[in-house]
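Here's the structure, in C-alpha cells; my notes come after.
Where a number appears in this text, it was derived from the coordinates with a stated rule and is not lab data. All figures in this text were calculated on a predicted structure; none of them were measured in a lab. A quick note on method: Cβ atoms are made from the backbone with ideal geometry, for glycine too, and the neighbour counts reach across all protein chains shown.
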Amino acid sequence: MDVEIDGDELAVFSKVVGPIQTSIYVIGCKETNQAVIIDGGGDIDDLLTTIDEQGWELNEIWQTHAHIDHVAGLTELKEARDVPILLHKAEQPVYDAAVQQGMMFGFQIEPLPAVDKYVEEGQFVNVGNLKARVMWLPGHSPGSVAFYFEDRDLFFGGDVVFKGSIGRVDLPGCDPQAMVKSLRRVNELPEETIIFPGHGPHTTVGQEQQSNPYF
Ligand SMILES: [Zn+2]
C-alpha cells in the first residue's frame, strides 16, 4: 500500500483496487495500534499484510457507500477478519443489490456479509484515540457518508468529491439536488482539510474551492 500520512499519532495508507481504480484506505492509531479500513473494495491480502506489518489490530470496516467497486472485497475480508462492517442505513438497498450491480458492471461477486452497524449523521466513530464525525452526504448514492477527522483536518469522502470533479449523479439511486446540498457542506469545511476521495489523488477543500467547477 502507499503511505499517505505517517505521523507520530496516526498513519494513513492507500491502495488503488479493481477495474474502476477505486481508492481504499487503512487508518491506524499509533498510540493504541488500532486500525480501520475505509471501503472493502478489494486486494484484501495487501490490506491485511499492511495492517499486520504495522502491528495493528483491525477493529472495523467503514463503508463510505455500497457501490460495487467499494464493497467487492468485503466477503473475503469478513472471512479473514470477523470485524464489524459499518454503513449508513439509507445505503442498505444499494448494498443488498450488490450482486445485480456487479452483473451490470461486469463484476462477479458473491452475496455480501450482513452489515453489522448503521452509522448516522453527527455520530462519532473511533479508531483508537482518533475520532471521526460521520457526515451524511447523499447525492451520489442515498447513504453516502464521509468520515471527518475534524481535529486533524482529514476527510474521507468516498465518491462525493474528487480532485477537480464530483461523483456521478446519473446512476440509479442518485439524487442531483441532494448532491448540491452535500457539496455545499464540504465547501464549508476549513480550507486546509485534506480530502481523500474514492477515486484519484487526494486534494484539499481550498484547492477545490479554487479549481473545481462544481464548488
Ligand atoms: Zn460510487
### Exposed-loop-free span, longest in the chain, where GluC sites (Glu not before Pro) count as exposed if DSSP calls them loop and at most 12 other C-beta atoms lie within 10 Å
32-119
### Message
Under the 0.36 nm per residue contour assumption, what length would be gained going from the current alpha-carbon distance of D151 and D45 to full extension?
### Response
35.1 nm
### Task
Might you report the magnitude of the Cβ-based charge dipole of the chain about its Cα centre, with Lys and Arg at +1 and Asp and Glu at -1, to the nearest 20 debye?
700 debye
### Reach of K15 by Cα under 18 Å, taken over lysines that are not fewer than 8 positions away in the same chain
K163
### Query
With θ set to phi - 60° and the Karplus curve 6.51 cos²θ - 1.76 cosθ + 1.60, what are the ³J(HN,Hα) couplings of the stretch 31-41 in order, to the nearest whole Hz, using x for Gly and Pro?
6, 10, 6, 9, 9, 10, 9, 9, 6, x, x
### Task
List every residue whose amide H lies under 5 Å from the amide H of T32, counting only residues 5 or more places away in sequence or on a different chain, with H placed 1.01 Å from N in the peptide plane.
N129
### Query
Based on the Kirkwood radius over alpha-carbon pairs, what value in µm²/s does the Stokes-Einstein equation return for the translational diffusion coefficient of the chain at 25 °C and 0.890 mPa s?
145 µm²/s
### Summary
Note: E53 to D2 extended length (0.36 nm per residue) minus current alpha-carbon separation gives 17.0 nm
### Task
Evaluate the Kirkwood expression for the hydrodynamic radius of the stretch 94-215, namely the inverse of the mean inverse distance over all pairs of different C-alpha atoms, and round to one decimal in Å.
15.3 Å
### Query
Of the listed peptides 18-24, 99-105, what is their order by residue-averaged count of other C-beta atoms within 10 Å, with the highest listed first?
18-24, 99-105
### Task
Once you have the Cα-Cα distance between D116 and M103, take 0.36 nm times their residue separation minus that, and quote the gain in nm to one decimal.
2.2 nm
#### Entry: Share, in percent, of DSSP beta bridges within the stretch 133-215 that are antiparallel, nearest 5
75 percent
